[in-house]
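J.: Dropping the structure in here first, questions after.
Computed from the coordinates by the stated procedures, all read-outs in this text should not be read as laboratory data. What you see is a predicted model; the values in this text were computed from it and never measured. Cβ sites come from the backbone with ideal geometry, for glycine too, and all protein chains shown count toward neighbours.
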Amino acid sequence: MADRVYVIAGKNESLVGAKCQELLDKLLDPQQRMTALLSVNGDDVSISISDVLDELRTLPFLADKRVVVVRGADEFISKHRPILEKYFEKPAPTGILVLTVSTWAGNTKLAKKLPDVGKLIEIIQPKRAMLPGLLTQYAAEKHKVKINRDAAEVLIELAGEELAQLHNEIDKLTLFARGEKVITLQHVESLVGHHRVYDAFEVIDAMVAGDAGQAVRRLRNMFEEDKDAEYSAVGAFAFHVRRMFQAKAMLEKRTNPGEIVSRLRIWSNKDRFFAQIQRMSLAQIAALLDELAAIDYATKTGQAQAPVAIEQLVLKLAGAGAAPPRTRS
């Protein structure tokens, strides 16, 4: 028996949504969706369980199947569990039900019936070390292009570790590369890095100058003008501060500034970049990296929101004129 029910379970809404879209792409051609797809939210009070089941049991028009997606279906399932258990026993022969949920308990009657009529797709956020390989796989399968390892690593630093967001960046980079078969570090720097790191540069420039008002205004503009900044801002700041740390360490070893510019790929504002690191000690820059690492952890674990956490850091450090020295952990 073909799969008539799919449950996509995961706490990361963007990853669950991306997997749901991927599944729909396999189940229905784009031209079939107008007549063969119903997508509803589980908390929509105007949608009843009878509406969902009637749609599933209705014969498809201009397609071989009818698909019903209930997104955020945790409460929907709890409310209608007995009816869904009966439906799982005898699903509609031409209907496919897709449920997206944050959790799926394997010890319920519904969960035990699922393998007989369909499958569970569990979404787990991949670990950081897995991301370059996953991006390489996605680029090859979706766009038939390669992405260099160093390009993938920098992309993750700049755009964050959210897989759905990284896939979106690969989509944009493929268009930006204009038919080239390899996405390079230069492509990432030009499309993704320049704008976001420049924004971080401007915020830090005002911050180390002790101009809290200007730093906050630039930070807020960064989030207002870039809808993806919430996911990528910490990475952009860390990318820039890490280069500050490397440059400062190299200067203290009396490395020629021209060599630093070349090795660290300082794209622009070279004089202002060196002015920034002259205002801060190596210990202060290291402390700033520690603060950003703490924010990164807090945002990924749901303890903080990036815009609020970074603004609090900017206000604290701008008020002090620079990052307070402390021992790097």
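J.: Excluding same-chain residues fewer than 8 positions from Lys86, which lysines have a Cα within less than 29 Å of its Cα?
T.: Answer for Lys86, where 29 Å is the Cα cut-off: Lys11, Lys19, Lys26, Lys65, Lys109, Lys112, Lys113, Lys119, listed by chain and number.
J.: I would also like to ask the following. I'd like the distance separating the alpha-carbon centroids of region 96-135 and region 211-285, in whole Å.
T.: Here the answer is 40 Å between Cα centres.
J.: Moving on to the next point. Of Asp271, Asp74, Asp116, which is the most mobile in a GNM of the chain whose springs link Cα atoms less than 10 angstrom apart?
T.: Asp271
J.: May I pose another question? What is the ratio of the Cα radius of gyration of the chain to 2.2 N^0.38 Å, where N is its residue count, to two decimals?
T.: 1.24
J.: What percent antiparallel are the DSSP beta bridges of region 5-122, to the nearest 5?
T.: For region 5-122, the DSSP antiparallel bridge percentage is about 0.
J.: Something else now. Can you pull out the chymotrypsin sites (Phe, Trp or Tyr not before Pro) in region 1-97 whose DSSP state is coil and whose Cβ has at most 10 other Cβ atoms within 10 Å?
T.: Answer in residue order: Phe61.
J.: Can you tell me how region 164-313 classifies by the Cα gyration tensor, rounded, prolate or oblate, using a/c under 1.5 as the rounded cut?
T.: Here region 164-313 falls in the oblate category.
J.: Among Ile277, Pro257, Ala177, which residue has its Cα furthest toward the positive end of the charge dipole of the chain, with +1 on Lys/Arg Cβ and -1 on Asp/Glu Cβ?
T.: Farthest towards the positive pole: Pro257.
J.: Taking the chain as the reference, fit the longest principal axis to its C-alpha atoms, fit the long axis of helix 212-225 to the helix C-alpha atoms, and give the angle between the two in degrees, 0 to 90, nearest 10.
T.: 30
J.: Would you list Met280, Met207, Met250 from fewest to most Cβ contacts within 10 Å?
T.: Ordered from fewest to most neighbouring Cβ atoms within 10 Å, Met280, Met207, Met250 come out as Met250, Met280, Met207.
J.: Also: For the chain, set up a Gaussian network in which alpha carbons nearer than 10 Å are linked by springs, and say which option among Ser102, Ser232, Ser262 fluctuates the most.
T.: Ser262
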